[in-house]
Amino acid sequence: MARAKIADEVGGPAVRAAVAGGADRNTTATAVRYLLQLLAERAPGNTVEVRVPPFGAVQCIPGPRHTRGTPPNVIETDAATFLALASGALTWDEGVASGSIHASGQRASLDGLVPLRY
């Protein structure tokens, strides 16, 4: 069953609060899930799985479809890093170089897809 879509009037304020700092866990969770939703809308597909535990994961980016087991292209990071990446406070290259973004697989990159508009 698909998760309900987060409305812009709910997601946008949650992202702004989380990026500003000091947001509670529920607000941060909403912000991360909303940004993952925007990413999946911006780059629809099933080639790369983007994980932000414990809040959510999406499959995105066009290309070969993954259906079973561990995906060959995975990006994983924590909520604070994902918020910084999605808001433009952190670039893709900076996040990968610092080790705060773990990317495995030939197609595991969000370069050119972030920052996201919210």
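The values are calculated or read from the model by the stated rules, or taken from the named source; none is laboratory data. The model shown is predicted, which means the values in this text are computed figures rather than measured ones. Cβ atoms come from the backbone with ideal geometry, glycine included; neighbour counts cover every protein chain shown. These accessible areas exclude ligands, DNA and RNA; they are computed on the full protein's heavy atoms, side chains included. Shrake-Rupley method; radii C 1.70, N 1.55, O 1.52, S 1.80 Å.
Things to note:
- Any hit, the stretch 103-117, residues being at pLDDT 95 or above, farther than 22 Å from residue 44 by Cβ and open to solvent by 60 Å² or more (accessible area, probe 1.4 Å): no
- Looking across the stretch 70-87, the residues that are aliphatic (A, V, I, L, M) and under 10 Å from the mean Cα position of the chain (by Cα) come down to 75, 79, 83, 85, 86.
- Some residue of the stretch 32-44 being within 18 Å of residue 109 (Cβ to Cβ) and in contact with a Pro (Cβ under 9 Å, 6 or more places away or on another chain): yes
So that you can scan it fast, the table gives a plain yes or no per residue for (1) touching a Phe, Trp or Tyr at 6+ places or on another chain (Cβ under 7 Å); (2) among the basic types (Lys, Arg):
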residue	(1), (2)
27	no, no
38	yes, no
51	no, yes
57	no, no
86	no, no
93	no, no
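- Some residue of the stretch 45-60 being open to solvent by 20 Å² or more (accessible area, probe 1.4 Å), in contact (Cβ under 8 Å) with a residue 40 or more places away in the chain and aliphatic (A, V, I, L, M): no
- For the stretch 13-30, the candidate set comprises residues that are farther than 14 Å from residue 77 by Cβ and within 16 Å of the chain's Cα centre (by Cα); within that set, the residue that is surrounded by the fewest Cβ atoms within 10 Å (Cβ to Cβ) is 16.
- Options 41, 76, 94, 9: the member that is of a type in the set (Asp, Glu), surrounded by fewer than 18 Cβ atoms within 10 Å (Cβ to Cβ), touching a Lys or Arg at 6+ places or on another chain (Cβ under 8 Å) and without any contact (Cβ under 8 Å) to a residue 60 or more places away in the chain: 76
- When we screen 104, 100, 109 for residues that are over 23 Å from residue 8 (Cα atoms) and either β-branched (Val, Ile, Thr) or touching a Ser or Thr at 6+ places or on another chain (Cβ under 8 Å) (or both), the only hit is 100.
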